[in-house]
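Accompanying notes for the structure given below.
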Amino acid sequence: MAGCALAEEALRSFGELRFRAHGTSMLPAIWPSDVLRVKAIPSREALVGQVWLSRQRGRLVVHRIVRLGEDGMRTVVCRGDFLEWDDPALPPEGLLGLVTHRERRGAVQALSYAIRKRSWLAECLRRSLMVRTIALRLQCFWDKRYQAKQSYSKHNASSHVVVSGLHRTENS
């Protein structure tokens, strides 16, 4: 509950929010450990196919809008790309912000809002626990490898600067 209040306050105050995704309900579009960028946009501008951060039963959830209520915009129905079932209908106030980008291992990508048939990857991930487990472990491996590489690069760059500085000082 506190996380919802904090996210709402950040969006109201700054107009933007970044946070790390957890869970697998949006595979393959969003993987665990992706960093998501959320923009404060009035919920009346929500469109089918967009991915929104919402408040559902006291939790923050990132799912795609699959249907707007027949009564205009009084209800919104979302669903995770990986899931078979829809979330309970939400009032528009339950939508907190539009997810505009995801960051994965240093690359920033805009999210696609096209509703399309499930990809073969999504079907494999959904139908096979073994494929899903292997894919998630590979994702974790690549994330750790990227983080180690970034850490090594930062350490090397700072050592290089110090050595260069000392070298110039000695020759001067």
message: Can you tell me the length gained on complete extension of the stretch residue 20 to residue 113, counting 0.36 nm per residue apart and subtracting the Cα distance?
response: 31.5 nm
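Give me 25, 112 sorted ascending by neighbouring Cβ count inside 10 Å, so fewest comes first.
Fewest-to-most Cβ neighbours within 10 Å comes out as 112, 25.
Could you line up 26, 130 from fewest to most neighbouring Cβ atoms inside 10 Å?
Details: 26 25, 130 8.
Placing the least packed residue first, the sequence is 130, 26.
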message: If you consider only alpha-carbon coordinates, what radius of gyration and Dmax does segment 1-117 have, in Å?
response: 13.2, 42
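Hey, got a sec? Which trypsin sites (Lys or Arg not before Pro) in segment 1-68 land in a DSSP loop and have at most 16 other Cβ atoms within 10 Å? The partial results should precede the final answer.
Working: sites: 12, 18, 20, 37, 39, 44, 55, 57, 59, 64, 67; in loops: 57.
Sparse-neighbourhood loop trypsin sites (Lys or Arg not before Pro): 57.
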query: Which stretch or stretches of segment 33-63 have amide N atoms under 20 Å from the point lying 7 Å from residue 142's Cα along the Cα→Cβ direction?
result: 33-37
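Each value in this text was obtained by applying a stated rule to the coordinates, not by laboratory testing. All values derive from a computational prediction rather than experimental measurement. In this analysis, Cβ positions are derived from the backbone assuming ideal geometry, glycine residues included, and neighbour counts consider all displayed protein chains.
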